[in-house]
Amino acid sequence: MWSNELEAIVHDPKRPRSATGVMAGVIELDDDFTEKTMAAQLAQQKYRLVHIASHFVFTPGNDTDSYLLLGGKDVGGAGYHLTMQEVKDEPNLKQGFRGVDLLTLSACNTATSRIPPDGKEVDGLATTVHGNGARAVIATLWKADDAATRDLMVDFYQHWIGTAGITKVQALQQAQLDLLHGTISAKATTASAPSMTSDGSKASSSHNSLPPQANYAHPYYWAPFILMGNWN
């Protein structure tokens with residue numbers, strides 16, 4: 001579903017399926033989403049918004065056991081596990097995140113952190129990238145539903161980009177209420193703020209959500225999303 005999610009959010013002229021995206025930007029999918037590409041894009045310091053919809057695995061214990069799935073390290077094709085240790089230590093990534101106003105991590109468990117039996121807390125991905133300098137981070141507390149995530153993210157950006165004076169936290173709250181009450185808007189807004197979206201998944205599928213009022217009232221669908229950092 002990840003490419004489906006990104007193409008619903010971002011209008012990239014190179015990708016015809018993204019024509020109805022909420023805002024203009026660049027989409028990096030599958031083999032194109034490598035560590036080298038992500039670092040190079042972030043180094044340009046021109047993206048106020050970065051949306052990463054790639055698979056994330058959180059394993060309490062050691063920073064090398066948790067990872068973000070990319071299409072490759074320097075070139076795509078083989079897949080690559082970008083570990084939490086690398087996210088913390090890689091200078092290009094640390095520097096790049098400092099220019100981001102909002103980093104959205106819509107995959108499962110990106111806000112999760114744990115204290116294992118040895119008592120040493122292991123930070124989650126959201127805490128790590130916020131510590132690296134991203135001013136605000138939206139992330140998830142558990143395994144989120146694919147279709148609900150897509151619909152909530154689109155609705156969130158419609159509110160945040162399209163409503164004058166609304167803050168990030170207000171836009172997120174409204175999107176969650178829209179899922180709860182089944183009032184998601186289908187209209188899209190075009191924004192001038194530059195953005196980069198990335199997806200390191202190796203496969204994608206198309207999910208058509210049922211009517212929100214039938215699917216999304218339970219907190220499982222809308223409650224895992226949290227905002228860390230600057231709420232404005």
Quiz item: Got at least one residue in the stretch 12-19 being at pLDDT below 95, on the phi < 0 side of the Ramachandran plot, buried (at least 18 other Cβ atoms within 10 Å of the Cβ) and assigned to a helix (DSSP H, G or I)?
Solution: yes
Practice problem: Keeping to the stretch 25-52, report how many residues are farther than 18 Å from GLY96 by Cβ and either open to solvent by less than 40 Å² (accessible area, probe 1.4 Å) or part of a loop (DSSP other than H, G, I, E, B) (or both). | Solution: 1
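For the stretch 160-171, which positions are buried (at least 20 other Cβ atoms within 10 Å of the Cβ) and within 17 Å of ALA24 (Cα to Cα)? Full working, then the answer.
Taking the stretch 160-171 and keeping what is buried (at least 20 other Cβ atoms within 10 Å of the Cβ), we get 160, 168, 171.
Listed by number, the list holds a single entry, TRP160.
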Self-check item: Condition check for THR59: assigned to a loop (DSSP other than H, G, I, E, B) and within 21 Å of LEU141 (Cβ to Cβ)
Solution: yes
Exercise. State all residues of the stretch 172-197 that are open to solvent by 60 Å² or more (accessible area, probe 1.4 Å), at pLDDT 95 or above and of a type in the set (A, V, I, L, M); if no residue qualifies, say none.
Key: LEU177
Quiz item: Looking at (1) touching a helix residue (DSSP H, G or I) at 6+ places or on another chain (Cβ under 8 Å); (2) modelled with pLDDT of 90 or more; (3) assigned to a helix (DSSP H, G or I); (4) not aliphatic (A, V, I, L, M), can you tell me which one GLN213 breaks?
Solution: (2)
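The values are calculated or read from the model by the stated rules, or taken from the named source; none is laboratory data. None of the values given here were measured: they were computed from a predicted structure. No Cβ is skipped: glycine too gets one built from the backbone with ideal geometry, and neighbour counts run over all protein chains shown. Each accessible area value is taken on the protein alone, full model and side chains, heavy atoms only, with ligands, DNA and RNA left out. Shrake-Rupley method; radii C 1.70, N 1.55, O 1.52, S 1.80 Å.
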